[in-house]
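Novice: My questions will all concern the structure given below.
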Amino acid sequence: AADRYDEEIAWADHALASLAPTIEDVARTRPLLIVVMSDHGEGFGEHGAYYHSYDAHEEALRVMLAVRGPGVVPGARAQLVSLVDLHATLLAYIDRAPAPRSPSRSLVPILQSAPGAAVPWRSAVLAEVGNAREFATAVVAPPWKLVHDASRGAWELFHIDRDPAERRNVYNREPAVAEQLRARMGELTRPGASRCPAR
């Protein structure tokens, strides 16, 4: 299954590459904002889950996001962003603002700053994934990530800088961090909170 998935990604890359000359021609004559992204990752049993929609581990949540457009400075960014931020970003490019309680934040300050620049940004992001039978929530607050699998009643805590594959659950060894992130999860999931799906 993983090989077939890789083949599909390679096919999508090839199809996108075939559009590059046309995109370059259009960009020479008018402002053009280009966003390339994926809406989710894919699990292949790394944490007992396959595919996506109910698993909150990195293989299912972390996706690529590439932006090119007016004023965008090339280079990778380290800020904690989410695909939901595309809403405010696109509105910013047409001089509009999102709704006041929207969790979406415009990426324009990040995109128009040099990579590595200290742009004030969020310190945590919430992900909620699930279907009719299974549901999971995660709070990513680097270098930590807390995962709550509600369908199993399980809690996991990972130091994602030292353990990016999330193989060592340190929930019981780091009770203070776990409690802090549980409180943060409660704040982000309470009714009326400004939520933000993971990057």
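Novice: How many residues, within the stretch 2-27, are among the aromatic types (Phe, Trp, Tyr) and loosely packed, with under 10 Cβ neighbours inside 10 Å?
Specialist: 0
Novice: Considering only residues that are open to solvent by 40 Å² or more (accessible area, probe 1.4 Å) and polar (S, T, N, Q), look in the stretch 120-170 and name the one that is nearest to ARG184 (Cα to Cα).
Specialist: It comes out as SER123.
Novice: Same structure again: If you scan the stretch 145-182, which residues turn out to be outside any helix (DSSP H, G or I) and of a type in the set (Lys, Arg)?
Specialist: LYS145, ARG152, ARG162, ARG167, ARG168, ARG173
Novice: Please verify whether the stretch 36-43 includes one or more residues that are more than 28 Å from ARG133 (Cα to Cα) and either open to solvent by 40 Å² or more (accessible area, probe 1.4 Å) or not aliphatic (A, V, I, L, M) (or both).
Specialist: Within the stretch 36-43, one or more residues are more than 28 Å from ARG133 (Cα to Cα) and either open to solvent by 40 Å² or more (accessible area, probe 1.4 Å) or not aliphatic (A, V, I, L, M) (or both).
Novice: Of everything in the stretch 78-104, what is touching a residue at least 24 places away in the same chain (Cβ under 8 Å), surrounded by 11 or more Cβ atoms within 10 Å (Cβ to Cβ), over 14 Å from MET37 (Cβ atoms) and not small (Gly, Ala, Ser)? Give them in sequence order.
Specialist: GLN79, LEU80, TYR93, PRO103
Novice: Inside the stretch 1-93, counting only helices (runs of 4 or more DSSP H) that do not spill past its ends, which hold 1 or more residues that are closer than 22 Å to LEU107 by Cβ and either in contact with a Phe, Trp or Tyr (Cβ under 9 Å, 6 or more places away or on another chain) or at pLDDT 90 or above (or both)?
Specialist: 58-61, 85-93
Novice: Mind checking which pairs have a first residue in the stretch 56-76 that is open to solvent by less than 40 Å² (accessible area, probe 1.4 Å) and a second that is part of a helix (DSSP H, G or I) and of a type outside the set (Lys, Arg), Cβ under 9 Å, 6 or more apart or different chains?
Specialist: As it stands, the answer is VAL67/LEU86; VAL67/THR89; VAL67/LEU111; GLY69/ALA27; GLY69/TYR93; GLY69/LEU111; VAL72/VAL108; VAL72/LEU111, since those pairs meet every condition given.
Novice: How many residues are free of Cβ contacts under 8 Å to residues at least 12 places away in the same chain and either under 17 Å from PRO142 (Cβ atoms) or in a helix (DSSP H, G or I) (or both) when one looks only at the stretch 106-123?
Specialist: 3
Novice: What are the pairs, 6+ residues apart or on separate chains, where a residue within the stretch 135-158 that is aromatic (Phe, Trp, Tyr) has its Cβ under 9 Å from a residue that is open to solvent by less than 10 Å² (accessible area, probe 1.4 Å) and part of a strand (DSSP E or B)?
Specialist: Taking only residues 6 or more apart or on different chains, the pairs are TRP144/LEU157; TRP144/PHE158; TRP155/LEU146; TRP155/VAL147; PHE158/LYS145; PHE158/LEU146; PHE158/VAL147.
Novice: Continuing with the same structure: Can you work out which of the residues in the stretch 124-135 that are small (Gly, Ala, Ser) and at pLDDT below 90 is nearest to VAL177 (Cα to Cα)?
Specialist: Looking at the filtered set, the residue picked out is ALA127.
The values are calculated or read from the model by the stated rules, or taken from the named source; none is laboratory data. Fair warning: this is a prediction, and the values are worked out from it, not measured in the lab. FYI the Cβ positions are ideal-geometry reconstructions off the backbone, even for glycines, and counts take in every protein chain you see. Quick note on the areas: whole protein, heavy atoms, side chains included, nothing else; ligands and nucleic acids left out. Shrake-Rupley method; radii C 1.70, N 1.55, O 1.52, S 1.80 Å.
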